[in-house]
Amino acid sequence: MQATVPVSSSLHTTSTAADPTALSTQTNNMALVPAPPSETPLFAEVDMCSDSSTTTVRATVIQASTVFYDTPATLDKAERFLAEAAGYGSQLVVFPEAFIGGYPRGSSFGATIGSRTAKGREDFRKYHASAIDVPGPEVDRLAAMAGRYKVYLVMGVIEREGYTLYCTVLFFDSQGHYMGKHRKVMPTAVERIVWGFGDGSTIPVFGTPIGKIGAAICWENRMPLLRTAMYGKGIEIYCAPTADSRDTWQATMTHIALEGGCFVLSANQFCRRKDYPPPPEYVFLGVEEDPTPDSVVCAGGSVIISPLGTVLAGPNYDGEALISADLDLGEIARAKFDFDVVGHYSRPEVLSLTVRDHPTNAVMFTSASEKGEASRK
């Protein structure tokens, strides 16, 4: 069942997995046990029955825009959405790609082959200033949010390491601990002039009481070998923060759910031109006509899909929204009975994958003494 109701200034879409064996969970302390019977369900639209052999997780994807060039205000906005999701009993909350730091849609950073403009360099300086260090104070605040609202949090950020930026996803547990990160391994097209490349050391899948959680960002979800690496780690809740709002994205998300036998949670921003700084500070390129302040420049399309390919909630193209569904984890086994991509449906004697999962650094020091000597030079 799916329903949309107004929630403060956003929309909230909720859904229950179709299987009748879904059970309630206590959302105040994240305990994955059947909740006591209640005469008033948390959602009037959601009908969940009890079966002790399966677990249900309430998940929410956030569809909202960054406050561009204003990271403190973006963190405040993230907390408002997180509090709203927690109020509806969500146990897992996923934010879009580059939510903290911003997705620089429409910007060229003044770059052409062979030259960069002074304005483009200044645009990069401001973008770099909006990024966050990992670890750092913003990471500490996000961890505190996750602990305060007792949710697992998956957050898209722009990570700053020195003067290189990375499109990154951060993971936090419901006790307020930072678990780790995934750096986008392959930025797309012009993204490559402002973002570095992740390596095999940050392709994690975290085992948690609510399932095995990992993430791939935007078009790296189209990379079959990256997906296979995540399947090999047993991913069950596949998070896909993105900046792609086209109809074709939905086909990609459905395919991954079916291929991986996993839940897919895709979160995208919904942005209008006025969500970015006005010209001439921020010049919006790549569109046929100059957008008006109210022009939609990213239409969202956030969605939650089951391991059997059923759309549980979304896609939403209406505005900023919280899009929620109850994930019956029993659906994973039901789906893998048909197709287990790295199990009974694999042929490792014919096709196999080797993942180089060690960090790749530009500079390596062979001993502490050499490192100390180099630092004194």
*asked:* Need the failing condition index for GLY286 against (1) of a type outside the set (Ser, Thr, Tyr); (2) at pLDDT 95 or above; (3) out of contact with any strand residue (DSSP E or B) (no Cβ under 7 Å at 6 or more places or on another chain); (4) on the phi > 0 side of the Ramachandran plot, just the number.
replied: (2)
_Consider the range 50-67. How many of its residues are at pLDDT below 95 and either out of contact with any Asp or Glu (no Cβ under 8 Å at 6 or more places or on another chain) or open to solvent by 20 Å² or more (accessible area, probe 1.4 Å) (or both)?_
5
*Test set (1) in contact with a His (Cβ under 6 Å, 6 or more places away or on another chain); (2) open to solvent by 10 Å² or more (accessible area, probe 1.4 Å) - VAL169 fails condition number*: (2)
*Of the residues that make up the range 108-120, is at least one touching a Leu at 6+ places or on another chain (Cβ under 7 Å), among the polar types (S, T, N, Q) and not in a helix (DSSP H, G or I)?*
yes
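Does GLY319 qualify as being at positive phi and touching a helix residue (DSSP H, G or I) at 6+ places or on another chain (Cβ under 6 Å)? Break it down stepwise before answering.
Values: at positive phi: yes; touching a helix residue (DSSP H, G or I) at 6+ places or on another chain (Cβ under 6 Å): no.
In short, no.
Whether any residue in the range 222-230 is of a type in the set (S, T, N, Q), under 23 Å from LEU142 (Cβ atoms) and in contact (Cβ under 8 Å) with a residue 24 or more places away in the chain is what I want to check.
As a first pass, look at the range 222-230 and keep what is of a type in the set (S, T, N, Q): 228.
From what's left, under 23 Å from LEU142 (Cβ atoms): none.
Checking the range 222-230: not a single residue is of a type in the set (S, T, N, Q), under 23 Å from LEU142 (Cβ atoms) and in contact (Cβ under 8 Å) with a residue 24 or more places away in the chain.
Rundown of residues vs (1) at positive phi; (2) open to solvent by less than 40 Å² (accessible area, probe 1.4 Å); (3) touching a Lys or Arg at 6+ places or on another chain (Cβ under 8 Å); (4) without any contact (Cβ under 8 Å) to a residue 24 or more places away in the chain, yes/no style:
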site: ASP70; (1), (2), (3), (4): no, no, no, no
site: ASP76; (1), (2), (3), (4): no, no, no, yes
site: GLY87; (1), (2), (3), (4): no, no, no, yes
site: GLN91; (1), (2), (3), (4): no, yes, yes, no
site: PRO96; (1), (2), (3), (4): no, yes, no, no
site: ILE100; (1), (2), (3), (4): no, yes, no, no
site: GLY106; (1), (2), (3), (4): yes, yes, no, no
site: ARG116; (1), (2), (3), (4): no, no, no, yes
site: GLU122; (1), (2), (3), (4): no, no, no, yes
*Under the condition of being over 26 Å from GLN91 (Cβ atoms) and in a helix (DSSP H, G or I), which residue from the range 237-251 is most open to solvent (accessible area, probe 1.4 Å)?*
ASP247
*Within the range 131-156, how many residues are in contact with a helix residue (DSSP H, G or I) (Cβ under 8 Å, 6 or more places away or on another chain) and open to solvent by 10 Å² or more (accessible area, probe 1.4 Å)?*
6
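The values are calculated or read from the model by the stated rules, or taken from the named source; none is laboratory data. This one's a predicted model, so the numbers in the text were calculated from it and none came from an experiment. We place every Cβ from the backbone using ideal geometry, glycine too, and count neighbours over all the protein chains shown. Side chains are part of the model used for accessible areas, which takes the heavy atoms of the whole protein and leaves out ligands, DNA and RNA. Shrake-Rupley method; radii C 1.70, N 1.55, O 1.52, S 1.80 Å.
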